[in-house]
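J.: Below: one structure in C-alpha cells.
The values are calculated or read from the model by the stated rules, or taken from the named source; none is laboratory data. Everything numeric in this text was worked out from a predicted model, so none of it was measured. All Cβ positions, glycine included, derive from the backbone under ideal geometry; neighbour counts span all protein chains shown.
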Amino acid sequence: MRNLCQEQMHIPVLLQEIINALQPRSGAIYIDGTVGAGGHTAAILTASAPDGQVFGFDQDSKALEIAAHQLAEFGERVHLLQSNFDRLGDMVRRYHIPPADGVVLDLGVSSMQLEQPERGFSFQLDGPLDMRMNPAAKQAAVELVNNLSAKELADLIYQYGEEPQSRRIASAIVRARPITRTVELADIVVKATAAKRGHRRSKRKIHPATRTFQALRVAVNDELGALERVLPQAIESLKPGGRLAVISFNSLEDRIVKQYFKRESQDCICPPEYPICTCGHKATVNIITKKPITPSFAEIDANPKARSAKLRVIELKEE
C-alpha cells in the first residue's frame, strides 16, 4: 500500500467545526458518507467514546484500505462499507443501520487522491487521465477528452467548471488529440488561455487548468447528480433531532446544498404568485447554519486546500 505514514499527515477540513455541529456522544450512531482516510470518522469516534459507532462509506476501495488501517484502534466501533454515498438508503436498509444521530458528507476529491499520480486527478503530477473515484467504474476522463466534440467539451467545461474560456480550451484540446496524460492536458489548457490571461496573470489565484480538471472530474463521477440523490437519503437516515453536516468545495455543490436545505426547512414551496398553498409541503428540518461556516485563517495557513470549504448543517425536526 502507498506510504500509509504519509496518509496520517492529511488534515481533515473543518474538523472541529464538524464535531461542534454533530456533538458526538457515547452510545450514538453516526454515518460518514465520504470516509476517505478516516479523519472525520476518527474524531467522531474519539468524541463519542466509549461506545459511539460510525458507519463509514466510500466508493474508493483504496481509500477504504487506508481508512481500515487508520481506524484499526477503534475496533468494532467502526464499520467500513464500499459504496457511493448516493446509495446510502439502500446500504442503511441492507446492513440494518439504526437511525443515525448524525451524518457527515465531505464532498469532492480528497488530498489523498490528488497526491496519487496514478489516479489522474492532479494537473501538477503526471499520470494517466483517469479521475475515477471508484477505480472499477467504466468511464475515465481520457474518454471524455478524446471522444467528445468541441461543443460538448466546451459545454462540459463551462457547466461543471464555470470556466469562462471553455470554448477556447475545448478547441485546443480537440486540435491536440489524442491526449492521455494529466500534465499534457494541463499544458494544453495553460497555452490555450495564456493570451487572454495576459495582464491578469499576477492576479489569478488558481492554476489555469483548475476549472477544466474540476469539470472533467465532476462529469466522470457524476458528482452533482450523486449529491442531489444523497441529500434526501441522508435526511431519511436520521433520527429526530439528528444532524446532517455537508462540506462543499465549489459554488455548484454549495448551491445544491443551500437550495435543498432551504426547501426542506419551509412549510410551503409554492411559487410566490400563488394566493394559497397547494403543494402541501411540510418542513422536515431546521437550518442550524444560517450562513455557511468557513475555515479560519489559521486553518487555511495550515491546510491551503481548505480555503474554499463551506459547511452547512441542518437538524431533523422532532416529531
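J.: Filter region 12-37 for residues that are at pLDDT 95 or above and at positive phi; which is surrounded by the most Cβ atoms within 10 Å (Cβ to Cβ)?
T.: Ranking the candidates gives LEU14 first.
J.: If you go through region 237-249 one residue at a time, do you hit one that is polar (S, T, N, Q) and in contact with a helix residue (DSSP H, G or I) (Cβ under 9 Å, 6 or more places away or on another chain)?
T.: yes
J.: Which of the residues that make up region 208-220 are in contact with a Lys or Arg (Cβ under 7 Å, 6 or more places away or on another chain) and in a helix (DSSP H, G or I)?
T.: VAL220
J.: Another question about this same structure. Quick one: which residue in SER149, SER122 is more than 28 Å from ASN84 (Cβ to Cβ) and not assigned by TED's automatic domain parsing to the domain that holds GLU65?
T.: Result of the check over SER149, SER122: SER149.
J.: Would you check if there is a residue in region 241-258 being closer than 30 Å to VAL142 by Cβ, free of Cβ contacts under 8 Å to residues at least 40 places away in the same chain and either assigned by TED's automatic domain parsing to the domain that holds GLY33 or not acidic (Asp, Glu) (or both)?
T.: yes
J.: Can you pull out the residues in region 102-143 that are buried (at least 16 other Cβ atoms within 10 Å of the Cβ), more than 21 Å from the chain's Cα centre (by Cα) and in a helix (DSSP H, G or I)?
T.: Passing the criteria: only VAL142.
J.: Turning to a different aspect of this structure: Would it be correct to say that ALA67 is of a type in the set (Gly, Ala, Ser), touching a residue at least 24 places away in the same chain (Cβ under 8 Å) and over 23 Å from ASN303 (Cα atoms)?
T.: When the stated conditions are applied, ALA67 does not pass them.
J.: Report yes if some residue within region 94-117 is among the aromatic types (Phe, Trp, Tyr) and in the same structural domain as ILE18 (by TED's automatic domain parsing); otherwise report no.
T.: Within region 94-117, one or more residues are among the aromatic types (Phe, Trp, Tyr) and in the same structural domain as ILE18 (by TED's automatic domain parsing).
J.: Just give me the residues in region 173-185 being out of contact with any strand residue (DSSP E or B) (no Cβ under 9 Å at 6 or more places or on another chain), under 17 Å from PHE123 (Cβ atoms) and surrounded by fewer than 21 Cβ atoms within 10 Å (Cβ to Cβ), in sequence order.
T.: ALA176, ILE179, VAL183, GLU184
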